[in-house]
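The values are calculated or read from the model by the stated rules, or taken from the named source; none is laboratory data. Computed from a predicted structure; not experimentally measured. Using ideal geometry, Cβ is built from the backbone for each residue, glycine included, and neighbour counts are taken over all protein chains shown. Protein only, heavy atoms only, side chains kept; ligands, DNA and RNA dropped before computing areas. Shrake-Rupley method; radii C 1.70, N 1.55, O 1.52, S 1.80 Å.
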Amino acid sequence: MNRPFIFYNTLSRREEEFVPAEEGKVGFYGCGPTVYNYAHIGNLRAYVLHDTLARALRRGGYEVTQVMNITDVGHLSGDGDEGEDKMIKSAKERGKAVLEIAQIYTDAFFADTDRLNILRPSIVCKATDHIPEMIAMIERIEKNGFAYNAGGNIYFDTAKDPGYGKLARLKADTGEARARAAEDGNKKSARDFALWFTRSKFDRQALVWDSPWGTGYPGWHIECSAMSMKYLGDSFDIHCGGADHIPVHHTNEIAQSEAATGKSPYVRYWLHNEFLVMGKDKMSKSSGGFLTLQSLVDRGYHPLDYRYLLLGAHYRSQLQFSFEALDGAKSARRTLSAKIRALAARSGWNGKPEGEAGSYGEAARARIDEFDEAMRRDLSTPRALAALWGLLKDPAIEPGEALRAALDMDEALGLGFLQEANSVAAGGGACDETGGSPNAGSFSPEEEAEIRELVERRAEAKKARDFAKADEIRAALRERGIVLEDGPGGTSWRAAD
């Protein structure tokens, strides 16, 4: 096992050494999507964090069980108990059944995460498949004296929980808190929240289940507690989510979970990612005009350009999105891809690393140690990327070792370096984004990076229907002895005969 990880724990508001409950194993839960619409790129920042965390922990020698929920029932448009049911609203607007809508957007979500090279969690669980677990948990909460029935609905009684609000460090039930919560005459306090509805505020509620309190449906906070505890136990190591979940959703999760079990803490380490910001505001679906991953692809970006952009900022810092910044990420990732392919060609990569795993020369070891220190210190991906660039620019590291070390680093970064290297081992071939070369070894890494950049510019010119510019680039490359070949899979290049 490598040196321990250090994580900033939202619960304690400080960096702490990570010590899992069971040596060598980590259980962590990440809040998943509410599948009523396409995920926007701000949503996807959270899932890149979850993936980077899982990758880093596995690379560090841990056996990781990652659980993610799919919210397909009961999430209202507000974080409390106010607003419309997002699933029902979407189904009505689109003229489809609620579960049909849920499946459409669940499939779309995983299509996006696949394109971002996000590995599937160990366990993906749908809320609608776990209603019995939610009912059982509410019964435990009620038995332990933390719930009350009012107006036919079951509410959590926050006054019975002296530690309520510890994650968000909430003060007493102030006027500000009352203003944030919905007006609900059944509640004893504005901060109390629904565990189960039998008196729906909606006509003909689409999804309902029998329960000890009558036919109804769950409040949306209860699902995460019920499902995380089913798969990870009453207490587990790490819980991830967006910073917007701190004051309400995660606060209520802690309260109901610890009330049900009588155990504290429910979660030992809380990691929260900050917002993606456009202009002055965080990106949200309710504000309209949000960007999806496909919208970036339609503008000529590769999904991994966006992943690189996210890795270039620390997850706990707000990230200002702009297409200028994405252009920079695109250029940087293209250059990295070219360097990886050049190293593969120069070292005769055949799909298998040479040398003993983890064994490096002094120069490469220094870069690996720099990378590990960055990832170990609260997933500092900007510093980790700097270590990667240092590795690839270091003339003291021979190509085979540099490639092996870069692939090692990419186990945590997830930028697809192995696929790049293997495409060279397979004989090059066409590449739809960077202009692969069947004989890359004929060129220096610097030459190949420049050629690939020109091929990419030509592709962009063709997309913009600037055929004069595209022909100009082709002619310039021809003068340098480079032939371009366009095919169904993209453009490849080779040295002229």
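If the condition is being open to solvent by 70 Å² or more (accessible area, probe 1.4 Å) and modelled with pLDDT of 80 or more, then the range 467-482 contributes F467, A468, K469, D471, E472, R474, R478. Applying a threshold of 7 Å to beta carbon distances and a minimum spacing of six or more residues, or different chains, the list of pairs starting in the range 13-35 at a residue that is on the phi < 0 side of the Ramachandran plot and part of a strand (DSSP E or B) and ending at one that is open to solvent by 80 Å² or more (accessible area, probe 1.4 Å) and not β-branched (V, I, T) reads K25/E63. Within this structure, Y231 passes the test of being touching a Gly at 6+ places or on another chain (Cβ under 9 Å) and part of a helix (DSSP H, G or I). Exactly one residue among D203, D234 is modelled with pLDDT of 95 or more and open to solvent by 40 Å² or more (accessible area, probe 1.4 Å), and that residue is D234.
For the range 393-403, a tally of residues being surrounded by fewer than 21 Cβ atoms within 10 Å (Cβ to Cβ) and in a helix (DSSP H, G or I) returns 3. Restricting attention to the range 61-86, the residues that are at pLDDT 95 or above and either crowded, with 20+ Cβ neighbours inside 10 Å or part of a helix (DSSP H, G or I) (or both) total 7. Filtering the range 247-275 to residues that are basic (K, R) and assigned to a helix (DSSP H, G or I) leaves nothing.
Table: residues versus (1) open to solvent by 20 Å² or more (accessible area, probe 1.4 Å); (2) modelled with pLDDT of 95 or more; (3) touching a helix residue (DSSP H, G or I) at 6+ places or on another chain (Cβ under 9 Å); (4) assigned to a loop (DSSP other than H, G, I, E, B).
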residue: C125; (1), (2), (3), (4): no, yes, yes, no
residue: M134; (1), (2), (3), (4): no, yes, yes, no
residue: E142; (1), (2), (3), (4): yes, yes, no, no
residue: N149; (1), (2), (3), (4): yes, yes, yes, no
residue: I154; (1), (2), (3), (4): no, yes, yes, no
residue: D173; (1), (2), (3), (4): yes, no, yes, yes
residue: D184; (1), (2), (3), (4): yes, no, no, yes
residue: K187; (1), (2), (3), (4): yes, no, no, yes
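The residue list A374, A364, A384 contains one member that is modelled with pLDDT of 95 or more, in a helix (DSSP H, G or I), open to solvent by less than 30 Å² (accessible area, probe 1.4 Å) and over 30 Å from Y301 (Cα atoms), which is A364.
Checking the range 317-327 against the condition returns no match, with no residue being closer than 17 Å to L413 by Cβ and surrounded by fewer than 16 Cβ atoms within 10 Å (Cβ to Cβ). I'm checking my understanding of the structure. Among residues of the range 424-441 that are farther than 14 Å from S347 by Cα and buried (at least 23 other Cβ atoms within 10 Å of the Cβ), which one is modelled with the lowest pLDDT? Among them, the one singled out is T434. Whenever a residue of the range 99-113 is touching a residue at least 40 places away in the same chain (Cβ under 8 Å) and open to solvent by less than 20 Å² (accessible area, probe 1.4 Å), its partners that are part of a helix (DSSP H, G or I) and among the aromatic types (F, W, Y), lying with C-beta atoms within less than 7 angstrom and at least six residues away or across chains, give the pairs T113/Y47.
When W209, W220, W196, W213 are checked against the criterion of being of a type outside the set (K, R), open to solvent by 50 Å² or more (accessible area, probe 1.4 Å) and closer than 18 Å to P132 by Cβ, W209 stands alone in meeting it. Is it true that some residue in the range 331-352 is closer than 15 Å to Y301 by Cβ and touching a strand residue (DSSP E or B) at 6+ places or on another chain (Cβ under 6 Å)? No. Of everything in the range 349-361 that is under 29 Å from the mean Cα position of the chain (by Cα) and open to solvent by less than 60 Å² (accessible area, probe 1.4 Å), the residue that is farthest from I6 (Cα to Cα) is G351.
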